[in-house]
1. Using only DSSP helix segments of four residues or longer, with each worth -39500 (n - 2.57), what per-residue ellipticity at 222 nm results for the chain after dividing by its residue count and rounding to 500?
2. With equal scatterers on the alpha carbons only and no solvent term, can you work out the Debye log10 of I(q)/I(0) for segment 147-295 at 0.10, 0.11, 0.12, 0.20 1/Å?
3. Based on other C-beta atoms within 10 Å, arrange C190, C236 from fewest to most.
4. Ranking S30, S74, S266, S220 by Cβ neighbours within 10 Å, fewest first, what do you get?
5. Rounded, prolate or oblate: which fits segment 44-153 when a ≥ b ≥ c are the square roots of the eigenvalues of the alpha-carbon gyration tensor, with rounded for a/c under 1.5 and prolate only if a/b beats b/c?
6. Let me have the relative contact order for segment 147-295, percent, based on Cα pairs under 8 Å that are six or more residues apart.
7. When the scattering of the chain is computed by the Debye formula from its Cα atoms alone, each counted once and equally, what is log10 I(q)/I(0) at q = 0.07, 0.08, 0.13 Å⁻¹?
8. Near I215, within a Cβ-to-Cβ distance under 12 Å, what is the net charge of the other residues, with Lys and Arg +1 and Asp and Glu -1?
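Every number here is computed from the coordinates shown, using simple stated rules; none is lab data. The structure presented is a predicted model; accordingly, all values stated were derived computationally and were not measured. For neighbour counting, all protein chains shown are included, and Cβ atoms are generated from backbone atoms with ideal geometry for every residue, glycine included.
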Amino acid sequence: MLARRYSAQGILNYYKEQNLMNNQHVILVSRPTGWVTPENFQLVDADMPVPGNNQVLIRNQWLSLDPYMRGRISDAKSYAQGVNPGEVMVGGAVGEVVESNSPDFKPGDIVLAPTGWRLYGTINAKAVTKIDTSKVSPTAYLGILGMPGITAWTGLIDICQPKAGETVVVDAASGAVGGVVGQLAKHAGCRVVGIAGGAKKCQYVVDELGFDACIDHRSSNFAAELAAALPQGIDCLFENVGGEIFEQLLSHMNTFGRIALCGMVSESNRDAHAYRTIRAILVSRLRIQGFIVSDKLDTWPAIRKQLYDLVVADKLKFRESVAVGLGSAPQALVGMLKGENFGKQLVKLV
Ligand SMILES: NC(=O)c1ccc[n+]([C@@H]2O[C@H](COP(=O)([O-])OP(=O)(O)OC[C@H]3O[C@@H](n4cnc5c(N)ncnc54)[C@H](OP(=O)(O)O)[C@@H]3O)[C@@H](O)[C@H]2O)c1
């Protein structure tokens, strides 16, 4: 927005005049054991970084909070580099370029970048993506058009390969990934059953997102309600939750069913994984494929374009939960891991 009113140098001057050039970070101060708490993090003042060669300085506007973050602050073996105590918490963000030493970006550009939990950050231009916000909100690039939406596409379309008439089940169904999975499966002509926590989330999933049914995993009658919703069993399971819910879903899998093992959010705050699922996988000859969305970064632009077209055509809907202020990020992360978010969890900074 500022870009329309200010020249490139003017944006930097404007921020200086308005006394907006104050930086803060959220750092990890201790590793959680069991449940993560806000006390594992601290909000600290920080120097204003100066962009180096081919770097840009970004003023973050929105942070993305994602379940993978719990893994990053654990010292358990993982597929990605963890955060050590004393370091700034990692994460994706949307922000405005304030200063650029790259020919590819100019002040005023709205961009997506993994700058982490900070107000201002410098980053190599190669890690920055310019985003088109003329028809969709910038926050969509952290959810449906970002890593979660691309995860949904990859797991459902590439791994599960749903066919019309099949039954697709997804848990954490109202969330950033699950909501997209169910809508894409409906577009593919499938019967879609969601699992979500609470009546409101289930109502949203059916009424707004168009799922055929949704079962509340907190219901005391969960097992019977699940069985009633799955008269034809499950052909494609997009698994986000793990644990006991996954165990129950496995018993409904059809022979030669497919499982996209995407996440196990219910297990993330356990010190030891309690559930053993190998036998069911063997007996039903399932093909389960674990995957990490960043394995195939080259597929992202084409997938994002297809999601973008569906969003602009109003064929994909999404919902967001917004916490306000950098200092609210730790509590919002804890809340999301407990299911307090309703849709994509964001932190608004500006
Ligand atoms: N493999 C990959 O590359 C990849 C990439 C992105 C995300 N993921 C995974 O995808 C899953 C969904 O991520 P997201 O960003 O879309 O998060 P989200 O669904 O927006 O938020 C997390 C949700 O998990 C559910 N949940 C938490 N604890 C639970 C429990 N004990 N039992 C049942 N449900 C529980 C809650 O929903 P309810 O209130 O409905 O229970 C909560 O709202 C996560 O497992 C994440 O790790 C994997």
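1. -7000 deg cm²/dmol, from helical runs alone.
2. Those come out to -0.29, -0.35, -0.42, -1.29, one per q.
3. Going from sparsest to densest Cβ surroundings: C190, C236.
4. Placing the least packed residue first, the sequence is S220, S30, S74, S266.
5. oblate
6. Relative contact order comes out at 23 percent.
7. With one equal scatterer per Cα and no solvent, log10 I(q)/I(0) is -0.31, -0.40, -1.01.
8. Result for the local shell: -2.
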